[in-house]
Every structure is written in C-alpha cells, then in structure tokens.
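Only one structure is covered here, and it is reproduced in the block below.
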Amino acid sequence: MASNTGLASLPHRTVSSIRAGAHSATTPGPPQTPARPISSTFGSPSGSSRVDDDPIVIELGSRKLRLGFAGDAAPKRIVAISPEQQRRTGDFRVWEPDFSSQWRSRASGKPWGADHELWQLDVRGQDLGVVEDKLERELRDALFKYLLVDSRPRKVTLVLPPTLPIPLLSSTLNTLFHRFQSPTISLLSSPVMAAFAAGTRSALVIDLGWHETTVTAVYEYHEVQSWRTVRAGKLLMEETYELLLQAVRGYATMERTEQTEDRLLDESLSFEECEEVATRMLWCKKAARQPHRKTSEEGLATVHEHEEEGEEIPPTEDHSPMAITLNSCKPPKTVEIPFSQLAEPCEAAFFETRLSLSSFDDHELPVHHLVYRALLQLPLDVRAICMSRIIFTGGCSHIFGLRSRIFDEVSIQVEDQGWDPVRGKGSEQCKTNLKLHRDSSRQATKNGSVPVVIQPDMTNGNGEATEPQVKAADAPQEVDHVENLIRKEQNYKPQVQGFLRAIDTLGPWCGGSLATQMKIPALATIDREIWLQQGVNGASRPSEVDIKMGQRQSMGPSGLMRGQAAQPNNWTLGVWGTMF
Amino acid sequence: MASFTPYTYIQCPCHDSTSQSRTADDAPPPTTTLPELSENDDDHAFDPRAHRSTFSLYPLEHLLYCDVCHQIRCPRCVTEELVTIYCPNCLFEVGTSSLKTEGNRLTSDYLHLNKSLTAANRTLTLDAHVAVSNARYVSAPWPSKLSKPPPDPTLLSADSATPIPPGPWVLTCSYCHWNSSEIGVKFDKPQGIFGQLQKLRYGEDQSKHVVSGDTSPTKTDSVPETNKARFAALKSFYGSQTVGANPGAGLSGLGDYGLNSPGALTRIMSIYSGNINGLKPKTKSSVMREADSPNEGFQLSDLDEGAAISQLRRDGWDGTVTGDQAKTQVEEGAQFADQLWPIPYLLRAKRSKRCPVCRHIISKPESKVSNTRWRIRLIANNSIPSISIKPLNPPPGSGLLKPLQPAHFLLTFKNPLFDDVKVTLATPATTPGRFASRVTVLCPEFQIDANPDNDMYLDDVLKDGEKERQRRRGDEGIHQAEAGKIWERGRNWVSIIVEVIPSSLRIEPPPAILVKDGDPEPDLSPLREDEDVLEIPMFVRLEWESEASHDQVGAATSREKDAKEKRELAYWCAIGIGRISQE
C-alpha cells in the first residue's frame, strides 16, 4: 500500500497515509517500526508500482458480467442483470409480500425480458445513457460489495465478445473512464481468451450466448472470422415460453405470441419463471444417428458410455411426467410435462431439423449448419487446426446434451458431405459418374474437352513443359527447411489436426485473468487521457497502424516487449474498431 | 395499492443529462440535433419517468453534502476508501492483505470457527429447506441460528450415539433440523472448517498440485480436476513457455512481476540501453507450443452428458438448483441440488467517503467494527430543505386522486440552515409522460427563515412565532389558496400550495382531427408500472448568504471575517403526490 504513494497523485498520498494511520490505531500491541516494502529497495521503481494494483478483469455479456482480479482462478462476482437493480434507490417494494405476483405491471411496455439485458446488439433506438447507467450501477455494486476495492483508479481489462457494436463499446469505455477513473483499459477478445484458457493457440469457439450464437475461428490467437446466428438463448427462452404456455392451457395453440401485451394475460408466465424452467429442466436430444467416430487414442471417451445404458428407456422415449410448479400464472399451477417434451425447445431453437436448409435466412441458420459452414469457409490449414479444437462456451452450453448434439451433427455432416463446398444435383452426378470424374482429373490428353484446367499456350511457352503435366495436388511435397528447423526445436510437438475434437476451456474470463496476469499485451490498450481528449472518433483504424506498430495480438515472448514499446499516439479499438 | 405515501426524490446534479439515444432507423446519428439539445439543456425539463432518471434520483436520506464545495453528493459521485473490512456475521476484522490472498469471503483459519460454522451452515440449510418446501427463502436470514452461542455446531456422530469430543463433527441447522451428514460432510476436528470443506470438496489434489512439483511446476503427476487446479496448471505452463523461450532475457522477471533484482536490473538495462539493441538478440523466439496434456491444464471436453440427463430425469424439478441458489453459490456451474456447497460469509467493508472535487472527507465511520457511530458524516438533510407533502383537504375514501378534478396539496419546506434561504420553484405546466397532468405552484418564490439553533431562547422564539402567526392570521383572515401567497409560515418552515389536475388514465387514441401527418404513432400500450403515480418534476433553487468559510486556502482568507458569501444551489427533484384512480 505504502509503495504506491510514490506513484499516486498528491491527494492520494494523503489518503493512504490517513488510512494507514487508522489502521495502526486499531491494532493493539507494542509500537513497531512501520513495515517498509523491501522490494522497492532492490527492485526497480516501476516494478513496485506494478505489484500493487492488480487489474480488474471484466467480461461483458448481454446478460451477465463477470468481475474479478487478474490472476484469480474464478471471477469474484458474477452479475446477472436484473430489474431489481434498476429500481430507484430507496424503492423497497421488492420486499412487499405481493411483489412477485405483480410482475405484469412491471413487465408491460417493454420488450419481453428487456430488463434482464444489459444491452441489445441492435443499437437503433436504444438509449445508450441507460446502458451506461445500468453498467455503472452493476459495476459499482460488484466492485464495492464483492471485490471490496476502494475508489482508487485501477487498470481494467475488458473481455469483449467479437464485433461488439462500437456505440456500446464506446459507452462502456465512457463509463469506466468517467465513473471509475481507470487509467488504462485493455481490450481482449473473448473467443481468443477462451482458446487461451483452454491452452491452445487456435480454436473454433462456439459461443452459445443470449442474443446470438457466434462461431469464431481463432488461429494463432487471431480472430480469423466470426459467424453468427440468432439461434441462441433468447430464442430458446421464447420456445420454452410456448412450451409452458401450452402446458398451462392444456392444449396446443398454433399462434405464437409476438406482442408483449399478449404475454401479460392471466395464464402467461413471467420471464423470470421461464428462465428458471429453461435453466433447470431443459435438455437436448441426441443426434438422429451417431457419427462413426474414429477411435484415435485421444478421441473422446464418450463412445463407450452410450452402450451402457441400454437397459434404461432412452430419454427421448420417456414420457413420464415431470412436475413443474409455476407461480407466475394466475392461478398458480403445477404442470406436468412429459420428459421427452422438455427437449423440444432446444430442438426448435438450435436445430430446427424439420425444415430444409434453404428455408433459413442468413441470420437464422441452425447452429450445426453454421459450424459446418464456418469450417468449410476457412482456409484449409486453418480448418485442419480449428476442427480439432472446438470449444463450447456461453450460457446455453450448460444445457445437458446440447454440446454433444452440435458436435455430432457437425460430424455427421462432415461424414456425409466431406469438405466440398459445391452442392447440388450437378456435382452429385459428377461425383457418381466415375467416367467423368476420372476424365477431368487424370488425363491431360483430353484437355480439349475440359478447357478449364490448363492453358495450352502457357505450357508451350516454357521449355520444360514437355513433361507430362502433374496436378499440383499429386506432386510430391517439397522439403521445407523452415519446417525442419522448427521440428528440431526441443519444444516442438506435432500439432493435433485433421479430425473433429472438442476441448474444454476454463472460460473467457479465466483466459483474460491469466493473460492479464502474464502481462500479455492486449488487442488494444486505451489510455484515459487520450480517450477523454479524443473519444471514440480518435481511434485509428486498425488497418492503418496494424503492421507498423505490431502491437496487436502477438503473444510470443517478443510481443511482450513490443507491446510496451508501442507508442500511444496511434491507438485503436482493436478488432472492434473495424466497423467504422 | 391503496395506500400511497408521498415521496420526494432528489436528482444529484452529478448526472450527465446528454441524451444519447439513437435513432430508430438506419440513418446516421443526428449530429445536427444532438449538440443543439445539449446546448439549451437548461430549457430541457427533467423527466422523472425516463429510464435514466431512476439511476440518478435519490431520497434525501441517501445524499451527502460537501460543505466546502457546497454541493450535493450522491453515492455515485463520491470516492470511497476502505476503513475496515470485517465479517458481518461474527464481526471479525480482516486485514487488507489477507483480503488479497484469501479472497472476499471469510476463510477462517483464525479462532472464531464456530461462527464461521454457522456461516457455512446457513446457506446449506437454505438449500435443504428450499428443497423441502419450494419456498423462496434465499435472502431471508436465519436469526435463530446466528444468535446461537459458540458451541452450536452440535457435536454428534451420526453413527455412534455417544457424543464424545473426538467423534466426527457435522453442521446442523436448528431451523430445519438438517445436518450435513445427509450429504456426507463430516469433519474430523472442529477447527479449520473452511479448509476441511475445501478438502472434502476438491480432494487433496489442490494442495498437492502446488507442492508436489518434482522438478518444475509443470511436471506434476496429479491431474488437475478442479478449475482452480487447472488454472494453476495453465498458468505454470504458460509461464514455462514464455520464460523458457529466452531464459537470459529480462523477460524472466515479468513472470513474477519483475521483483527479483537481477531480472529487474537487466530489464532496466535493456530499457535504458535502447530498445532496438535490446530487442535484437531476442528476435529468435522459439516456438511456443500449445498445452497438450492434462497436467498442463489441457482437457478434452466430456461431451457425453447422458448421466446428467438421467439424473435430471430421476430427480426432477426439485433436484435442480434454483436460480437464486445458483446465484448465491461462490462458483458457478452447479446444476443439481447435490452440487451445492456451504457458502462462507461475504466480507463487508466500512468505508469513508470523500468529495471527488475537493477531497474533503464527507463521511467517515469509526474504524472499530463494533462501533456503529460516525466520526464525520455530512448528510444532505442538514444542508438542504426537506420537502414534505400532504393533501390540503384529505380526500374521503380511497385516497386516490380523481382524474380531471383539481386537488390541492401542501408542500412544506423546512430549512435546516442557520441562514435565511430564498427558494425559487419551477415546474413544467404539465407533467411529462403519456398522461400529462396540470400542475400549478401557487407561490413559486418565498423565503424561509433561519433555523434557530439556540435552545436557550426556544421559548421566546416559540412565543415570537406564535405571535407572528397570530398576527399573520389576523392579516389574512381565512386561509385561502391564493396565487403568490404562502399558505403558512413557521420558525423555519414554509408551506405553499400546489394545485394539480390529474389527467385521465384512459388509453385511447387521440381524436382523428388532432392527428397530423408527421405525428409519431400514439402509444397505446397498457398502463405501466407506476404510470398512475402523479409525479411532479420540480426545479428547486436555493439562495442564501452565509459566513465565508475561513478554512479555505483560497481567496477567502484576505477578506474580512464577517463577510457574507452568497451561495446558490439548484437541483431537480421528483415529488410523488399521489395515485390517480383508474376509472
């Protein structure tokens, strides 16, 4: 504490001395020489300042915030945004006995469940001031009540989802800089951190979140590309609502309740209760057929266990009723839903296998199609690495069976279709017709019939082209000296690649905590002074500075020094600044 | 519903009123209109119903007042400092250093185990209790348990009936008669419960993992199972990767914060000898490989959740963790009731508060935990007038306001200052929101007399006041709500009259004649929460003259001692008058 005084501004010096005095007054005992930080005499002056402030790592999500100190194994506080926090100070109506039964009046006039979200990704028509206020209150509560910190400025590391809208990022930074006086804020990407916390450098991170499911390919700590679909928690909640409503009514209705007002009827359920049911009771069916898994030595141990429970009724056939007590409908009711029915919301929200692929818009692709498509669009090398490092994160990944379902569906798709982006009847015929297939691939003599492959005049121009043309894929691979050198390193181990494999991560927050503690340079680091001067518009586009500065993303040992040497004149918002 | 207590909320002037709402269409943000708005922000009436104002409105009791800056300070605009950290249950004081190492919860290896036992017991009993009755008791305290004397973890062995001291110990709850032997939690000794619990929960590997590194911390034999152990394994793996990459360089110091001096020295040398030269030999960086074995923190995910699904099928609704329980757990991820664990108490802190502008302490508690007094506490109640509301003629019956019928309310301003205060009020003619009620303040400008602080002359003053009042009454004769006149005046208080005409709460589209083409779509959604409350935004401006504060180092020192300083304070407040009846 005392070692900080050298660095702190004048008012802070007095503050800490006052506090130190208060402490010494409370502890009884013989007078002692005040403890002197020994480290500062031997270490460098900058070193002592670094020790003192442990940065705070904040992972931002639409529903939850995770906060904690860098270096902790788990966040100290997980905040779920709730309407209770958004009441006025001194409004104690939460404690009234009939509070929970009056949810209808509270929920009216807003989109369903809007109080439980920090923000919407669609910022049109949104009041960002409210976002700032919400964020501030939650952060203040968490920091002061759970992290037990004082108001001293602290470094903050933000772990952000990929392509967060810039207005939201800007208001987040505003809040942290203005209200919490953080000197610097580092931005980290949540998929990269998920991969980092899994111990890998590359991964395909499937984040089953609230507003959307994102599939992000991370290669060597770079976000390669990110795909998204709306099939995520919110949709799942709506499906759960429909399921419960049917159970309450006792009959199935075809019409869906789109309007908020329709969800305030006597028989309808509150968002809170729907979520409760969704988190507690939902599960996910297995894929229609099991993929043939190659049992490599590192393969999943999952295959064996399927056979074991052969005697039991499979869960899909189990129609035994599960009693669920619902209190938010009028009158309160205990509904009995067959166990197999409880898998339906997942089915409808994430997979929708009844409809053909062509019926989906781009934003609502089923998750397994999206994952497959993502892998397909990746470059070959990246795909090989990423497909054996599939990581599931996000709140919905806790639903029993969902991860394995997605994984199996993707495996099946890979088995059926391979990695061929060309689809349709024509290509199918082309594959089945052996003659056609062989013609195009092997024989260069029939070039005339298939004019696409090789330009004849090119071969004529070269003197060496007299040799029979070999397709590039069939040519023997050249010896790569660099590769050999790398192999010779003692540290080297061949990379696992080429088959589908799911690995477990500690979560983006833990990755951020780890990375911050290891002092790994963040994607972007924003200084308070510069932000206050320039605001969000001062950020240079990453493309302008990216190569020259090299401050982004390099995580090797050399990157550490470069990150420190980077000039603050050109600052970016990292990958989040590319949109404007 | 029927009972409604009038209230006053004050908006702290620290709030940032710039509107940041974005347009609903794809058009770029209206850069032309936004600055306009912020420029004539003063013309902009405050809307207490806006979503943002819930975050900046505070009851008077929650506000502090900096008497150097003469400004209201709300919880949002003070800087806080820790005075004491303690356990709210057993009042054990915890040092800040142990807070860092042991976290924000009470990990008692000290001598107050019994209390931490109750602490641990509390939540567990909750979980058991909830499982039985499905009631929502999560935030309810269990006073019966907490008030117990120290030997309350009743020693009893589940198997052997003789309660001999060396027997196994369990946690019990006297409220619901649950004990921890139900979940197989027994302790060998009645000390170090937290540590024993950790051991029971995570097994031994956590401690072993740290200790039993044979040569380097990465080469541990034990496979880390818990997240904590995995985290530690990953950390040591990354540490070995980055350090092993170039061992001679100054970067080795970064792993342990640059504290060991040789590393720090080389780092300084490399910094001061110029970065380019320092970086040159380091460019040959070796491959940093990925973690690939479990003791490096790598783990394949177990995708087969058949066991969990069958447990879900078996245990049903009651076997799963409720949302409230999951929120209170220390670690996330518990999904079944048997995955719940006792929760150690969350520590609490006494805090002193400072004005962020002048660094003046405005609130400082006694540092002793058991002492609840304050050394310094400048509450706003002592510095700005309080406003109380009551109806002039209490309406008969339900007490609800009748729509479209004028009602009169008495606002009483009470001056806590020792100086006369001139008050100026302003309200918009109609309240903002969908249901615009008309508001008229009959006397928007008046003066409140000083708060007489001398109790010695209390009687005189009282008599004076009485006399004055009689005199006034004589002047005015019968009370009449009259524009420009105050209703009643006391020693340090003044009552004025506000006339409101509540609007009707009927939701119907406006008549077609009045609707113009450009008008936005009328909002016909049903009544929202609290929309039937008639809430008046009122701008209060205070003006008074007080003695110049001499302790200020600034310009005030040169002046004469009895120089009066003119002070001014202005703020918005929201006054909840009453509910409008829905007829």
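The values are calculated or read from the model by the stated rules, or taken from the named source; none is laboratory data. A quick note: this is a predicted structure, and the numbers were derived from the prediction, not measured. For neighbour counting, all protein chains shown are included, and Cβ atoms are generated from backbone atoms with ideal geometry for every residue, glycine included. These accessible areas exclude ligands, DNA and RNA; they are computed on the full protein's heavy atoms, side chains included. Shrake-Rupley method; radii C 1.70, N 1.55, O 1.52, S 1.80 Å.
So here's what we get for this one:
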| quantity | calculated |
| --- | --- |
| Derived scalar couplings ³J(HN,Hα) [segment B:295-309; Karplus, 6.51 cos²θ - 1.76 cosθ + 1.60; whole Hz; x for Gly, Pro] | 7, 9, x, 8, 8, 6, 8, 8, 7, 7, 10, x, 5, 5, 5 |
| 10 Å Cβ neighbours from other chains, averaged over peptide B:230-239 | 5 |
| Integer Hz, Karplus 6.51/-1.76/1.60 couplings in order for segment A:502-517, x for Gly and Pro | 9, 10, 9, 10, 7, x, x, 5, 5, x, x, 4, 5, 5, 5, 6 |
| Residues with amide H under 5 Å from that of B:Val83, placed H, sequence gap 5 or more | B:Lys350, B:Arg351, B:Ser352 |
| Nonlocal amide H pairs with A:Ala524, under 5 Å, H built at 1.01 Å | A:Leu187 |
| Theoretical gain in end-to-end length, A:Ala323 to A:Asp527 [0.36 nm per residue, Cα-Cα removed] | 68.0 nm |
| Accessible surface of B:Val439 - all protein chains present, 1.4 Å probe, nearest 10 Å² | 10 |
| Shielding score for A:507-513, defined as the mean number of other chain Cβ atoms within 10 Å | 2 |
| nm² value of the averaged projected area, convex hull over the Cα atoms of segment B:297-393 | 16.3 |
| Accessible area (Å², 1.4 Å probe, nearest 10) - B:Lys189 | 100 |
| For residues of B:370-379, the mean tally of beta carbons on other chains within 10 Å | 0 |
| Karplus 3J(HN,Hα) series, Hz, for segment A:264-270 with 6.51 cos²θ - 1.76 cosθ + 1.60 (x for Gly, Pro) | 10, 6, 5, 8, 7, 10, 7 |
| Heavy-atom SASA rank of B:Ser240, A:Ser340 (probe 1.4 Å, accessible area, largest first) | B:Ser240, A:Ser340 |
| Amide hydrogen neighbours beyond the local backbone of A:Arg228, cut-off 5 Å, H modeled | A:Val215 |
| Residue order for A:Glu409, B:Glu332 - accessible surface, 1.4 angstrom probe, largest first | B:Glu332, A:Glu409 |
| Area of B:Phe539 that stays accessible when all protein chains are in place (1.4 Å probe, Å², to 10) | 60 |
| Exposure rank, largest accessible area first [B:Trp341, A:Trp576; 1.4 Å] | B:Trp341, A:Trp576 |
| Set A:Lys134/B:Lys364; B:Lys368/B:Lys566; B:Lys235/B:Lys327 screened for pairs whose C-alpha atoms are more than 29 Å apart | B:Lys368/B:Lys566 |
